[in-house]
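This report concerns only the one structure given below.
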Amino acid sequence: MAPEDHIAWLADNAAWFGAIDPRELSDPVPNCPGWTVEDVFNHLALGVGLGYPAAMHTPADQTFTGLNQPAEAPTGTQAIRRFVENFGHCVTAFTNAKPDSACYTYAGPGQAKFWFRRAAVETSIHRIDVAEALGRPHHVSDQRLADAIVETAEFALPLAADIAGAPDGPVSISSPNINVEARLTHPTLDDQDQEHARIAGPGVALLQGLWGRERRDLDITGDHQVARQWLTLAARAFGATR
């Protein structure tokens, strides 16, 4: 997907969150244990809405160390208002940035478009979480699902392996209904190894499974233990914020 497509995707997700009824903020979000819808709003408003543009403006030879957490998180309509404001600024910052401009990324020196894609994927995962918690449909286009799965395989799970330790071998993943295939591996693993297992399933199920959500409709063949190591990796590395 092109950088402008990632920005449009992010804007779609931000608008969806911004339309949530404040009375639903106290509802629990089972995919993020211990969190309510309000917690998801505050997590995204600070971590993505403010954090990602700040990281994008950090020079490539420096390290972005994050933002200070506010003493008290906003509640109710204030939480929604802050979310809308932060994401409005975020979308504007991305739109005004040159996609290939050099900056810091979690993976080291990179380009601004890294953050466009990361923001679109992270807000999509949490949009699905909140939609399920509120009993709403969560349509994500096949193109966006495929891109989110590939980004997870290329970046998010290798980062999780840096934090929590790599699984015992590489695994292949695929989702026939959206025509996507990828490989889960890590530099500490022998890249010549044959895949220990294969994980397949519908696009949403596969994306959720790779981010530590419990799914019973994934088809695992080969070494189930190694497959489960990959399916629990994000939860072990990132916790509720995954």
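All of the numbers you see were taken from the coordinates with simple rules; none came from a lab. Please read these numbers as outputs of a predicted model, since none were measured by experiment. Methodologically, a virtual Cβ is constructed for each residue, glycine included, from the backbone with ideal geometry; neighbour enumeration extends over all protein chains shown.
If the segment from residue 92 to residue 106 were pulled out straight at 0.36 nm per residue, it would be longer than the present Cα-Cα gap by 2.9 nm. With the largest listed first and rounded to whole Å, the semi-axes of the equivalent ellipsoid of the stretch 1-40 from the Cα gyration tensor are 26, 13, 5. Stretched out straight at 0.36 nm per residue, the stretch from residue 85 to residue 224 would grow longer than its current Cα-Cα span by 45.6 nm. Per q in 0.23 Å⁻¹, report the Debye log10 I(q)/I(0) for the stretch 3-107, using one uniform scatterer on each alpha carbon and no solvent. Here log10 of I(q) over I(0) equals -1.26.
Computing Rg and the Kirkwood Rh from the Cα coordinates of the stretch 142-241 gives a ratio, Rg/Rh, of 0.92. Ordering 49, 237, 79 by the projection of their Cα atoms onto the charge dipole of the chain, which places +1 on the Cβ of Lys and Arg and -1 on the Cβ of Asp and Glu, puts 79 at the extreme positive end.
Dividing the helix sum by the residues of the chain, where each DSSP H run of 4 or more adds -39500 (n - 2.57), gives a mean residue ellipticity at 222 nm of -14000 deg cm²/dmol.
Neighbours of residue 130, meaning other residues whose beta-carbon lies under 9 angstrom from its beta-carbon, give a summed charge of -2 when Lys and Arg score +1 and Asp and Glu score -1. Taking one quarter of the surface of the convex hull spanned by the alpha-carbon atoms of the stretch 91-179 gives a direction-averaged projected area of 7.8 nm².
When only alpha carbons of the chain are considered, Rg and Dmax amount to 17.6, 53 Å. Among the trypsin sites (Lys or Arg not before Pro) within the stretch 171-235, those in coil by DSSP and having at most 11 neighbouring Cβ atoms inside 10 Å are 216. Across 229, 194, 111, mean-square fluctuation computed from a Gaussian network of the chain (C-alpha pairs under 10 Å connected) peaks at 194. Ranked by how many other Cβ atoms sit within 10 Å of their own Cβ, fewest first, the residues 72, 132, 154, 122 fall in the order 72, 154, 132, 122. For the chain, what relative contact order do you get, as a whole percent, if you take Cα pairs closer than 8 Å and at least 6 residues apart? Value for the chain: 18 percent. Considering the chain as a Gaussian network with a 10 Å cut-off on Cα pairs, which listed residue, 209, 34, 49, attains the greatest mean-square fluctuation? Evaluated over the chain, the most mobile residue of the options is 34.
To the nearest 20 debye, what charge dipole does the chain have about its Cα centre, counting +1 at the Cβ of each Lys and Arg and -1 at the Cβ of each Asp and Glu? Magnitude of the dipole: close to 420 debye.
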